[in-house]
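All of the numbers you see were taken from the coordinates with simple rules; none came from a lab. All of these numbers come straight from a predicted model, not from anything done at the bench. Every residue, glycine as well, gets a Cβ built from its backbone with ideal geometry; the counts of neighbours run over all protein chains shown.
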Amino acid sequence: MKTSVRLMGKTYQFQSLKEIMAKANEEKSGDQLAGIHAQDTQERIAARHVLSELTLADIRNNPLLPPEEDEVSRVIEEGVNEKIYASIRNWTVAELREYLLSPNVTNNEISHIRRGLTSEMIAAVTKIMTNLDLIQAASKITVETRCNTTIGQKGRLAGRAQPNHPNDSLQGIKAAIFEALSYGVGDAVIGINPVIDTVESVKAILNMTKELMDKWDIPTQNCVLAHVTTQMRAIKQGGTADLLFQSLAGTELGNKAFGISVDLLDEANELILKEGTAAGPNVWYFETGQGSELSADAHHGIDQLTLESRCYGLAKRYNPFMVNTVVGFIGPEYLYNSKQVIRAGLEDHFMGKLHGLPMGVDVCYTNHMKADQNDMENLAVLLAAAGVNFLIGVAMADDCMLNYQSTSFHDIATLREVLSLRPAPEFEKWLEKMGIMEHGKLTSIAGDPTFFL
Amino acid sequence: MSEVDIQRIVEKVLVELRNRMEEKQQLEEQHEREVESENEQLFSYDVMDWVTNVPTPKFPKGIEELRKATPARIGVWRTGTRPLTKTILKLQLDHAAAVDAVSGEVLDSLLKEFNLFTVETCYENKEVYLKRPDKGRILTEEAVKTIKERCIKNPQVQIVVSDGLSASAIEANLRDIYPSLLDSLKVNGLTQGTPFFVKGGRVACMDHIGEILQPEVLVLLIGERPGLVSANSMSAYMCYRPRKGIVESERTVISNIHSGGTSPIEAGAHIGTILRKMIEQKASGVHLEL
């Protein structure tokens, strides 16, 4: 493995693949916090140069976190198709980039080679891609999944209705669901983050949303984003859940901080397949986000982009219905400003799609970050152009429970109009039946939540 | 007195009167202007408040019912697919307030009211605090010394208050949550050690404090990162035998404590029960059955 390069009369010598991977990243406050970042821009390009000439075999043969030490590494290794890997093992990372961007390579070819790629290889190629590279390559990839309904088709943009309420009031949650539906949002999922992580509360929200879906015959799926163990208890006690939710980390230690393990996820998977209310086969909703491993001191000196990619390697095991990177939620110590958030959003979406995952993005920021709503609108347009499966819909982008700003019902409706995108097909038909949408456009009654009273 | 004199006096009186009238008029006009400007301020405040409406809702009475049910910005209407101007400006105004809340500080007088002395973490300043959360998890050497000198060791319950990301959360909620928390400790038969305030604290400063004082359980009341509806939201983090190496999922939390969310009085009352269960089950976080 070649670990040095001479650029502009200066020799750069790197000690390990871990160091090359970290230093090749675009500037992120999280890598700086971990103390693994490039010291200057030229060192960053030098690392990128070295990385671009490594082979895929170099990356696989020099594990950043050996499978013997970490179960996420084991899950990723077990997922590799050895024949396909053997056919591409001598490609350099640069060749992989150029392959993905070449005009002859379509969704079919990418679906084939992805089975020979590890999460670390996907992270590596991401580091040497520009923002527009990430958009173009991702836009080639289609990942359709089915729970009660199907999302992810080309030319479609779904939205999660996120009707959170600061004390889980069922009436309050319902009011925000009505508003979302009236703007044509809720086709990905009606998903509530609860304040109170108890079985009774989770069950009450699950059952209320399910009743609402039955009453209005809404073709979508419901989910309450409590800890997976709470959801499991709620389901065992008669809670009606279409999707199971869990946040994932890219290391075993990070998942321990979330209170989960591969064994627990396997057990939950068995339960939801047996006792969930959805048709399936895709019955998981996962969330991720750069920086969560470092925030749990579970990063092993690995950069946050690579760890994020490893989350997707783990997610793949469960064939999820939707994966959502909550890109700007974790705070300025991981992504300091809008430039870093925009970059991370495009990276995560691309990496997830290259893994074959149904990627959506929570385009968001907190009030202590150097970003504002305009930045989110920009990123939302970039992602919609890249073919993102779904975005988050919150009333006026302001989540009154989680205390951060995302994208709004208005934003999703606008992106659909500007970029000629439609809601998920079954949901669009329902919107037409309700008189809220006609020929892909909102009608004059759209935006009136009292329609559902 | 000559006629001329009289005329002069009359003229003088008339001038005086005219002047007074004018003065009065000016005063009145000025008053009117002030009232007007007050109205204008009121009016402009109203404009900045949330006044956009669905023009012809299917159930006109239903709009208020729905809005009352949630602080979420619903029923705001649209122009095409975009929000109306006032809705956008209100959002921008609230964002501005939240951004400003991050930089605030808790008043000493409030801390004195509850006999809380202050110690600091290694946060240095607000910018470092934001970029380096690790520094907000460790107390300064001086803080460690002060705590050792002034606090009861091995208490059953240790109460700690910290500004976190919103000093205004402490200002807004401490007077309600603190007395109700003390009551709930009594009701649940629990005793507490010596409470104090941590400036520049992060949630995991509990672990460091746990190492120093070795409490059975610790409750940290800390300002959350401000949102738009609630720049004053507080969280209560609780942990059984906090110490270095505790993972996030081993902490129990009540979040969203503010007048529009979980009421601070209710939250305070709830904490005592949770702490008692922690002691009974010798566990917290995901291992605790509530």
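DSSP beta bridges confined to the protein assembly as shown are antiparallel in about 40 percent of cases. Here r is the Cβ-Cβ distance between residue A:420 and residue B:58 and R0 is 25 Å; the resulting FRET efficiency, rounded to 0.05, is 0.30.
Applying 1/(1 + (r/R0)^6) with R0 = 45 Å to the Cβ-Cβ distance of residue A:27 and residue B:280 gives a FRET efficiency near 0.35. Electrostatic bookkeeping for residue B:263 treats Lys and Arg as +1 and Asp and Glu as -1; over the other residues with beta carbon under 14 Å from its beta carbon, the sum is -2.
In plain terms, if you count all Cα to Cα distances in region A:145-452 and split them into 20 Å steps from zero, the share in each step is 36, 60, 3 percent.
The alpha carbon centroids of region A:346-366 and region B:181-229 are separated by 37 Å. The ranking of A:227, A:165, A:439 by Cβ neighbour count inside 10 Å, starting from the fewest, reads A:439, A:227, A:165.
For region B:58-85, backbone nitrogen atoms closer than 13 Å to the point 7 Å from residue A:372 Cα along Cα-to-C-beta are found at no residue. Each Cα pair under 8 Å and six or more residues apart adds its sequence gap; the mean of these over the residue count of region A:145-452 is a relative contact order of 24 percent. Hey, what did region B:108-287 get for relative contact order, percent, Cα under 8 Å, at least 6 apart? About 25 percent, as a whole number.
Counted by Cβ distance under 14 Å from residue A:448, the other residues give a net charge of +1, where Lys and Arg count +1 and Asp and Glu count -1. Rounded to whole numbers, the Karplus 3J(HN,Hα) couplings from phi for region B:53-62 are 9, 6, x, 10, x, 4, 10, x, 6, x Hz, using 6.51 cos²θ - 1.76 cosθ + 1.60 with θ = phi - 60°, and x at Gly and Pro.
Between residue B:68 and residue A:297, the modelled labels are 5.0 nm apart [label points 7 Å from Cα along Cα→Cβ]. Listed cross-link partners A:83/A:236; A:127/B:244; B:112/B:282; A:353/B:244; B:148/B:186; A:18/B:244 are compared with a 30 Å cut-off, the Cα-Cα value being larger for A:83/A:236; A:127/B:244; B:112/B:282; A:353/B:244.
Here the Karplus relation 6.51 cos²θ - 1.76 cosθ + 1.60, evaluated at θ = phi - 60°, turns the backbone of region A:324-333 into coupling constants of 10, 8, 8, 6, x, 7, 7, x, x, 6 Hz, with x for every Gly and Pro. Just check region B:108-287 against the gyration tensor rule for me: Cα atoms, a ≥ b ≥ c as the square roots of the eigenvalues, rounded for a/c under 1.5, and otherwise prolate or oblate depending on whether a/b exceeds b/c. The shape class here is rounded. Among the trypsin sites (Lys or Arg not before Pro) in region B:49-104, those located in a DSSP loop and surrounded by at most 15 other Cβ atoms within 10 Å of their own Cβ are B:58.
How much FRET efficiency would the formula 1/(1 + (r/R0)^6) give for residue A:16 and residue A:109, where r is the Cβ-Cβ distance and R0 is 41 Å, rounded to 0.05? With R0 = 41 Å, the Cβ-Cβ based efficiency is 0.80.
Of the chymotrypsin sites (Phe, Trp or Tyr not before Pro) in region B:72-151, not one is in a loop by DSSP (not H, G, I, E or B) with at most 10 other beta carbons within 10 Å. Rounded, prolate or oblate: which fits the protein assembly as shown when a ≥ b ≥ c are the square roots of the eigenvalues of the alpha-carbon gyration tensor, with rounded for a/c under 1.5 and prolate only if a/b beats b/c? It is prolate, given that a/c is not under 1.5 and a/b is the larger ratio.
Starting from the Cα gyration tensor of region A:226-356, take the square roots of the eigenvalues, sort them a ≥ b ≥ c, and report rounded, prolate or oblate (rounded when a/c is under 1.5, otherwise prolate if a/b is larger than b/c, else oblate). Here region A:226-356 falls in the prolate category. Straight-line cross-link partners of residue A:429 among the lysines, defined as a Cα under 24 Å from its Cα and at least 8 positions apart when in the same chain: A:154, A:174, A:210, A:215, A:441, B:58. Taking other Cβ atoms within 10 Å as a rough exposure proxy, B:211, B:224, B:289 sort from fewest to most as B:289, B:211, B:224.
Spin-label model, residue B:113/residue B:93: points 7 Å from Cα along the beta carbon direction are separated by 2.7 nm. Look at where the Cα atoms of region A:93-159 and of region A:292-344 average out, and the two centres are 18 Å apart. Distance between the pseudo-spin-label points of residue A:81 and residue A:130 (7 Å out from Cα toward the beta carbon): 3.2 nm.
For region A:50-118, the list of GluC sites (Glu not before Pro) that fall in a loop by DSSP and count at most 14 other C-beta atoms within 10 angstrom reads A:68, A:69.
Each Lys or Arg adds one and each Asp or Glu takes one away; over the other residues whose Cβ falls under 13 Å from the Cβ of residue A:342, this sums to -3.
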